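Working notes for the structure below.
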Amino acid sequence: MSRRPIIAGNWKMHNNREESLKLVSGIKDAIQNIDLDALPEVVVAPVFTSLHVVSEKICNCGCAKIKLAAQNCYYEAKGAFTGEVSIDMIKDFDAKYIIIGHSERRQIFGESDEMINKKAIAIIDAGLTPIICCGETLEQRELGVTDSHIASQIVKALDGIKPSDVANVVIAYEPIWAIGTGKTCDSAEANRVIKGIRATLTQIAGKENADKVRILYGGSVKPETIKEQMAQSDIDGALVGGASLKVDSFVEIIKGAI
Ligand code: 13P
């Protein structure tokens with residue numbers, strides 16, 4: 001089963017409009033001579049306030065090589081939800097993906113599995129693709145509950161979603177202890193957990209659909225780690241934080257996935 005790899009940059013709460021434009025322009029220029037077919041799917045996820053400038057740079061000028069993602073959304077279409085942004089509002093910028101369930105949203109903003117499930121359903125209904133994050137804390141890993149915790153996060157996030165729609169979601173396995181710490185999860189271990197995620201997906205949606213799901217690894221991905229990660233059987237790309245904020249390191253990661 002060949003799955004097109006994804007290299008996605010989660011810019012988190014970094015970059016104003018000018019900085020976002022500079023970063024996306026640098027990435028675009030650096031990959032312009034690489035054939036689209038050779039590239040992984042390249043995705044950037046700026047803050048909401050930069051979606052417009054980044055969208056203009058990559059969508060309006062027909063750059064098919066970079067896709068746009070938002071870092072979050074709310075599942076209601078409109079209404080009295082101060083501070084929230086709807087999926088249609090994100091779609092307005094030609095975004096293709098929305099990251100949901102990032103551990104920072106779960107831990108800092110108290111997002112529940114139920115909320116993440118509602119977001120996943122609403123994103124799919126709107127014709128966009130959720131990038132659903134999951135991952136264990138260091139404490140859960142030391143207690144030996146990593147696999148059951150992640151299976152539970154996946155089952156709850158995908159509750160009520162049709163098997164044929166499950167095939168199109170993207171999952172990101174991001175061990176929380178590896179995020180922003182410089183401590184990358186051992187590639188073979190990340191692959192083992194990701195195989196477990198695929199086994200859970202098989203139970204939910206059948207093997208044919210599960211085999212189509214792209215499952216990314218995230219957590220201190222660097223230019224030096226990407227080749228080994230991409231060489232694993234079940235790792236289909238990376239969700240990159242810190243190293244996606246510089247043109248050089250992000251482009252090296254993209255090239256490492258070719
Ligand atoms: P780092 O690459 O900075 O560890 O962040 C990973 C992440 O959280 C991406 O969503």
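The values are calculated or read from the model by the stated rules, or taken from the named source; none is laboratory data. Computed from a predicted structure; not experimentally measured. Cβ atoms come from the backbone with ideal geometry, glycine included; neighbour counts cover every protein chain shown.
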- Message: Here is a list: I154, I150. Which entry is out of contact with any Leu (no Cβ under 8 Å at 6 or more places or on another chain) and outside any loop (DSSP other than H, G, I, E, B)?
- Response: I150
- Task: Could you please tell me which pairs satisfy a Cβ distance under 8 Å, a separation of 6+ or placement on different chains, a first residue in the stretch 65-85 that is within 24 Å of K255 (Cα to Cα), and a second residue that is modelled with pLDDT under 95 and of a type in the set (S, T, N, Q)?
- Result: K65/Q32
- Index of the failed condition, I215 passing every other in (1) in a helix (DSSP H, G or I); (2) buried (at least 20 other Cβ atoms within 10 Å of the Cβ); (3) within 16 Å of the ligand (Cβ to nearest atom): (1)
- Note on the structure: Residue hits (the stretch 225-235; within 13 Å of the ligand (Cβ to nearest atom) and in a loop (DSSP other than H, G, I, E, B)) are T225
- Query: Of all residues in the stretch 31-40, which are aliphatic (A, V, I, L, M) and either at pLDDT 95 or above or buried (at least 18 other Cβ atoms within 10 Å of the Cβ) (or both)?
  - Reply: I31, L39
- Message: With the requirement that a residue be hydrophobic (A, V, I, L, M, F, W, C) and within 16 Å of the ligand (Cβ to nearest atom), what does the stretch 127-144 give you?
- Response: I131, I132, C133, C134, L138
- Among the residues of the stretch 174-233, write down those that are in contact with a Leu (Cβ under 9 Å, 6 or more places away or on another chain), farther than 28 Å from S249 by Cβ and among the hydrophobic types (A, V, I, L, M, F, W, C). L201, I204, A205, A210
- Those residues that are away from the ligand (no atom under 16 Å from the Cβ), closer than 21 Å to G160 by Cβ and surrounded by fewer than 21 Cβ atoms within 10 Å (Cβ to Cβ), I need them from the stretch 92-122; list them, please. S112, D113, E114, M115, K118, I121
- Message: I150 - would you say it is in contact with a Cys (Cβ under 7 Å, 6 or more places away or on another chain) and within 19 Å of L51 (Cβ to Cβ)?
- Response: no
- Do you know which of the residues in the stretch 41-91 that are β-branched (V, I, T) and assigned to a loop (DSSP other than H, G, I, E, B) is surrounded by the fewest Cβ atoms within 10 Å (Cβ to Cβ)? T82
- Message: Given the condition of a type in the set (A, V, I, L, M, F, W, C), touching a Ser or Thr at 6+ places or on another chain (Cβ under 8 Å) and farther than 16 Å from I179 by Cβ, answer yes or no: does some residue in the stretch 221-228 qualify?
- Response: no
- Message: Where the second residue is acidic (D, E) and within 8 Å of the ligand (Cβ to nearest atom) and the first is on the phi < 0 side of the Ramachandran plot and in contact (Cβ under 8 Å) with a residue 60 or more places away in the chain and lies in the stretch 229-241, which pairs have Cβ atoms under 8 Å and are six or more apart or on separate chains?
- Response: L239/E174
- Item | Verdict on L239 being touching a helix residue (DSSP H, G or I) at 6+ places or on another chain (Cβ under 9 Å), in a strand (DSSP E or B) and within 26 Å of Q107 (Cα to Cα) | no
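Of all the residues that make up the stretch 1-26, how many are of a type in the set (V, I, T) and either in a strand (DSSP E or B) or within 16 Å of the ligand (Cβ to nearest atom) (or both)? Walk me through it before giving the result.
As a first pass, look at the stretch 1-26 and keep what is of a type in the set (V, I, T): 6-7, 24.
From the residues that got through so far, the ones that are either in a strand (DSSP E or B) or within 16 Å of the ligand (Cβ to nearest atom) (or both) too are 6-7.
Of the residues in that region, 2 qualify.
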